[in-house]
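Trainee: This structure is in structure tokens; I'll ask about it shortly.
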Amino acid sequence: MKLDSSVAAVVTGGASGLGAATARALAAKGVKVAIFDLQKDKGEALAAEIGGVFCEVNVTSDESVDAGFAKARAANGQERILVNCAGTGNAIKTASRSKEDGSIKHFPLEAFNWLIQINLVGTFRCIAKSAAGMLTLEPMADGERGAMVNTASVAAEDGQIGQAAYSASKGGVVGMTLPIARDLMGEGIRVNTILPGIFDTPLLAGAPQNVRDALSASVPFPKRLGQPEEYAQLALTMIECGYFNGEDVRLDGAIRMAPR
């Protein structure tokens with residue numbers, strides 16, 4: 001897909017981190033970008049910076065996502081690109097015993113469901129609604145109507161202690177990538193997923209330097225945290241390369257996560 005001002009994109013979780021880097025990279029190519037996020041101040045500031053539009057969107061809500069797409073399409077036209085970066089995490093053991101009094105507790109199911117709703121169902125909600133919109137577009141010269149990039153995590157394959165919900169949510173994103181690509185192949189819409197490793201995002205920005213150093217040292221090569229711009233680089237490759245379809249690609253410096 002050729003990226004220029006004739007193309008519109010939606011980036012979920014686009015106000016910061018991986019999503020913000022991707023929104024900037026797309027805008028640098030001339031693409032009209034809409035940012036979906038709950039961080040209104042950051043989202044509006046970034047939209048102003050790149051000449052895009054900010055849509056305050058909660059990916060767990062049909063009504064919110066519908067309103068976001070309506071606003072984005074009114075401003076930029078029907079998107080040909082969707083990049084799903086919206087997501088969150090938690091860390092709770094499946095069951096554990098207190099060292100203080102020996103009491104036993106298990107992973108709260110509402111916390112498990114909350115994470116699945118954001119990371120997995122929220123991603124699929126945006127995919128399904130964007131795909132329906134893309135089907136209204138005329139195919140480009142090569143028969144393509146659109147391209148989607150989803151964000152999973154290396155935790156989909158190397159989940160650590162306490163990551164049962166997070167790994168399940170990200171594993172679900174990996175697991176649905178090929179079936180969705182197959183669902184949409186007859187309509188000229190490609191679907192791929194990136195599995196990032198340890199990236200220098202706002203989540204780690206407040207971590208002590210010794211923690212950041214230890215995380216960097218755990219990466220085989222290069223021994224540093226991934227940069228959001230590197231995620232954006234791969235996302236653009238997946239979008240621009242017309243033969244890239246149905247793939248799940250680790251972007252992690254060859255790391256394989258230990259149990260903890």
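The values are calculated or read from the model by the stated rules, or taken from the named source; none is laboratory data. What you are looking at is a predicted structure, and each value in this text was computed from that prediction instead of being measured. We place every Cβ from the backbone using ideal geometry, glycine too, and count neighbours over all the protein chains shown.
Trainee: Mind checking which residues of the range 137-174 are surrounded by fewer than 18 Cβ atoms within 10 Å (Cβ to Cβ), within 16 Å of R256 (Cα to Cα) and acidic (D, E)?
Mentor: Result: E157, single match.
Trainee: Does the range 18-52 hold any residues that are farther than 20 Å from A147 by Cβ and either among the hydroxyl-bearing types (S, T, Y) or surrounded by 21 or more Cβ atoms within 10 Å (Cβ to Cβ) (or both), and which are they? Can you show your working first?
Mentor: Of all residues in the range 18-52, those farther than 20 Å from A147 by Cβ come to 37-49, 51.
Matches in the range 18-52: D37, G43, L46, A47.
Trainee: Also: Name the pairs: first residue in the range 35-59 and in contact (Cβ under 8 Å) with a residue 24 or more places away in the chain and in a helix (DSSP H, G or I), second residue aromatic (F, W, Y) and surrounded by 22 or more Cβ atoms within 10 Å (Cβ to Cβ), Cβ to Cβ under 6 Å, at least 6 apart or on different chains?
Mentor: Correct list of pairs: G43/F54.
Trainee: Pull out all pairs, ordered by first then second residue, where Cβ-Cβ is under 8 Å, the residues are six or more apart or on different chains, the first lies in the range 211-224 and is under 12 Å from D200 (Cβ atoms), and the second is of a type in the set (K, R) and assigned to a loop (DSSP other than H, G, I, E, B).
Mentor: Partner pairs satisfying both residue conditions: S216/K223; S216/R224.
Trainee: If you check R190 against the conditions, is it in contact (Cβ under 8 Å) with a residue 24 or more places away in the chain, out of contact with any Ser or Thr (no Cβ under 6 Å at 6 or more places or on another chain), among the basic types (K, R) and closer than 22 Å to V10 by Cβ? Spell out how you get there, then give the answer.
Mentor: On the way: in contact (Cβ under 8 Å) with a residue 24 or more places away in the chain: yes; out of contact with any Ser or Thr (no Cβ under 6 Å at 6 or more places or on another chain): yes; among the basic types (K, R): yes; closer than 22 Å to V10 by Cβ: yes.
Judged against the criteria, R190 is a match.
Trainee: Six or more apart or on different chains, Cβ under 6 Å: which pairs go from a residue in the range 63-91 that's free of Cβ contacts under 8 Å to residues at least 12 places away in the same chain and in a helix (DSSP H, G or I) to one that's aliphatic (A, V, I, L, M) and surrounded by 24 or more Cβ atoms within 10 Å (Cβ to Cβ)? Could you list them?
Mentor: Going by the 6 Å Cβ cut-off, the qualifying pairs are S64/V57.
Trainee: Right, here's the next one. Quick check: anything in the range 224-242 surrounded by 13 or more Cβ atoms within 10 Å (Cβ to Cβ), modelled with pLDDT of 95 or more, among the small types (G, A, S) and over 23 Å from G17 (Cβ atoms)?
Mentor: There is at least one residue in the range 224-242 that is surrounded by 13 or more Cβ atoms within 10 Å (Cβ to Cβ), modelled with pLDDT of 95 or more, among the small types (G, A, S) and over 23 Å from G17 (Cβ atoms).
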